[in-house]
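In what follows, a single structure is set out as structure tokens and then discussed.
The values are calculated or read from the model by the stated rules, or taken from the named source; none is laboratory data. Quick caveat: nothing in here was measured; it's all calculated off a predicted structure. So basically every Cβ, Gly included, is an ideal-geometry build from the backbone, and we count neighbours across all protein chains shown.
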Amino acid sequence: MPTRSKRLDMIPPYLFAEIARVKAEAIASGADIIDLGIGDPDLPTPQPVIDELTRSANDPATHRYDETPRGWTSFLEAAAEWYAKTFGVSLDPSTDFAQLIGSKEGLAHLAWAYIDPGDISIVPNPGYTVYKVNTLMAGGEVYETPLKFENGFLPILEDIPTEVAKRAKLFYVCYPHNPTGATATKEFYADAVKFCKDHDILLVNDMAYATVAYDGYVNPTVMQIEGGKDVAIEFHSLSKMFNMTGWRLGFALGNTDAVNNLQRLKSNIDSKQFPAIAEAGAYALKNVDNTHTIAMYQRRRDLLCDGLNSIGWQVTKPKSAFYVWSRVPAPGMTSAEFCKELLQRAHIVAIPGNGYGTEGEGWVRMALTLSGDKDGERFAEAVRRIAASGLVPAK
Ligand SMILES: Cc1ncc(COP(=O)(O)O)c(C=O)c1O
């Protein structure tokens, strides 16, 4: 067999192997695991969306290639309508949108559409690893902006060296942010737009969690900023919004050139999804109200955060996304050591923060998407177990 490409060796090793091993051991011994690891909505896709898929699947018009340039027309129109209704910004579905096989696919391929050897992507640390890995595989370099608690997990633009800004082509940001749950302000977006304009950089805003927000909070978007569309492309997803992670459906919007470049690459790689999926996605964007799901995450968030705070583990409630990001409470333990102990002593899975970058060391991520939880009772149980584990020093 031939050897794999050198490019493939750039993919970093799987950091959670040890956690996966201890988890498998605990499951084999019959332990009752509370898995706060992966962020994947536990409720099923709303039934009307599934019904629409069934209806569309029976329509022979969906049985052929989608030959449109950027995506299934009714889907892109529904996306534009949803964006205008949710964020008050009207964009043209025929030029400013592209359908994606989930936003991950688009975020990854954007690097391949823009990065040549010697080019730089500015990426968040901690952050979703897709931006970095694809930039490296495309032959580029990354400059990691440290996201610090004291700065609200926003990058400090003045700290980015001019030499880096000169060579940078892409600036990936992600708000609401995975893993910290941080949100962006309009002021930050305005500064980022100016920075990208000054340095001729494409601003890439990953908004996979755009509508997962609590206490009535509404996230701002970069397209609301004057000049935003001149320098930015934004990525949205139906995954978290409508419990559709397995359907693989998302869209990019914004700068027409950027959308075209992404689509140009994609048209040489994929031929879009089964159009019935796009039809069901259009139905969801037009009709589904996710208030009930958000209320459920909010209740879980409150039970977990209030509970942990009451036992002396100081955690901040996220305004958006479904992750609680908190400092390792046990003195002297790394993120990985703490997560291993938590799993062994309390049978709770949490993700060590260093899996998202060096700045995540000392932090832990806990997801609010727990299968089998009905009304927060498993989160209350998690707090009881953590209290009993002895891992949180007494107040
Ligand atoms: C920050 C972030 N962006 C993008 C994605 C990808 O979502 P999808 O490909 O399901 O749209 C995820 C998934 O977990 C994510 O956490």
(request) Please go through the range 17-41 and pick out each residue that is surrounded by 17 or more Cβ atoms within 10 Å (Cβ to Cβ) and within 16 Å of the ligand (Cβ to nearest atom). (result) ASP35, LEU36, GLY37, GLY39, PRO41
(request) For ASN178, indicate whether it is in contact with a Phe, Trp or Tyr (Cβ under 6 Å, 6 or more places away or on another chain) and at pLDDT 95 or above. (result) yes
(request) Please verify whether the range 301-308 includes one or more residues that are buried (at least 23 other Cβ atoms within 10 Å of the Cβ), more than 14 Å from the ligand (Cβ to nearest atom) and outside any strand (DSSP E or B). (result) yes
(request) Just name the residue that is surrounded by the fewest Cβ atoms within 10 Å (Cβ to Cβ) out of those in the range 82-101 that are small (Gly, Ala, Ser) and in contact (Cβ under 8 Å) with a residue 12 or more places away in the chain. (result) GLY88
(message) Quick check on this structure: which one of ASP40, ASP32 is of a type in the set (D, E, K, R), in the same structural domain as LEU342 (by TED's automatic domain parsing) and more than 21 Å from the chain's Cα centre (by Cα)?
(response) ASP32
(message) With the requirement that a residue be of a type in the set (Asp, Glu), assigned to a loop (DSSP other than H, G, I, E, B) and buried (at least 16 other Cβ atoms within 10 Å of the Cβ), what does the range 66-81 give you?
(response) ASP66
(request) Could you tell me whether VAL133 is assigned to a helix (DSSP H, G or I) and of a type in the set (A, V, I, L, M)? (result) yes
(request) Can you tell me which residue within the range 145-161, out of those that are within 16 Å of the ligand (Cβ to nearest atom) and aliphatic (A, V, I, L, M), is surrounded by the fewest Cβ atoms within 10 Å (Cβ to Cβ)? (result) LEU154
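Each row is one residue, and each column tells you yes or no for (1) at pLDDT 95 or above; (2) in the same structural domain as PHE171 (by TED's automatic domain parsing); (3) in a helix (DSSP H, G or I); (4) more than 12 Å from the ligand (Cβ to nearest atom).
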| position | (1), (2), (3), (4) |
| --- | --- |
| LYS104 | yes, yes, yes, no |
| ALA108 | yes, yes, yes, no |
| ALA111 | yes, yes, yes, yes |
| VAL123 | yes, yes, no, no |
| GLY127 | yes, yes, no, no |
| GLY139 | yes, yes, no, yes |
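Yes/no matrix, rows are residues, columns are (1) outside the structural domain of ALA20 (by TED's automatic domain parsing); (2) under 19 Å from GLY362 (Cβ atoms); (3) without any contact (Cβ under 8 Å) to a residue 40 or more places away in the chain:
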site: ALA295; (1), (2), (3): no, no, yes
site: ARG299; (1), (2), (3): no, no, no
site: LEU304; (1), (2), (3): no, no, no
site: LEU308; (1), (2), (3): no, yes, no
site: GLN314; (1), (2), (3): no, yes, yes
site: TYR323; (1), (2), (3): no, yes, no
site: GLY332; (1), (2), (3): no, yes, yes
site: SER335; (1), (2), (3): no, yes, yes
(request) Return a yes/no flag: does the range 249-263 have any residue that is surrounded by 15 or more Cβ atoms within 10 Å (Cβ to Cβ) and on the phi > 0 side of the Ramachandran plot. (result) yes
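Could you check the range 60-98 and list, in sequence order, the residues that are more than 16 Å from MET207 (Cβ to Cβ) and within 15 Å of the ligand (Cβ to nearest atom)?
Once the filter is applied, which keeps residues that are more than 16 Å from MET207 (Cβ to Cβ) and within 15 Å of the ligand (Cβ to nearest atom), the range 60-98 yields GLY71, PHE75.
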(message) Quick test for you: out of VAL49, VAL22, pick the one residue that is aliphatic (A, V, I, L, M), part of a helix (DSSP H, G or I) and modelled with pLDDT under 95.
(response) VAL22
(request) Could you tell me whether any residue of the range 272-281 is surrounded by fewer than 20 Cβ atoms within 10 Å (Cβ to Cβ), farther than 19 Å from TYR83 by Cα and in the same structural domain as TYR214 (by TED's automatic domain parsing)? (result) yes
(message) For the list (1) of a type in the set (Lys, Arg); (2) within 20 Å of THR73 (Cβ to Cβ); (3) near the ligand (Cβ under 9 Å from one of its atoms), I need the number of the one condition that ARG264 fails.
(response) (3)
(request) Test each condition in (1) part of a helix (DSSP H, G or I); (2) out of contact with any Phe, Trp or Tyr (no Cβ under 6 Å at 6 or more places or on another chain) for PRO318 and report the one that comes out false. (result) (1)
(request) Please name all residue pairs, on different chains or six or more residues apart, with Cβ atoms under 7 Å, provided the first residue is in the range 186-212 and is of a type in the set (Asp, Glu) and the second residue is assigned to a helix (DSSP H, G or I). (result) ASP191/LEU157; ASP206/SER103; ASP206/LEU107
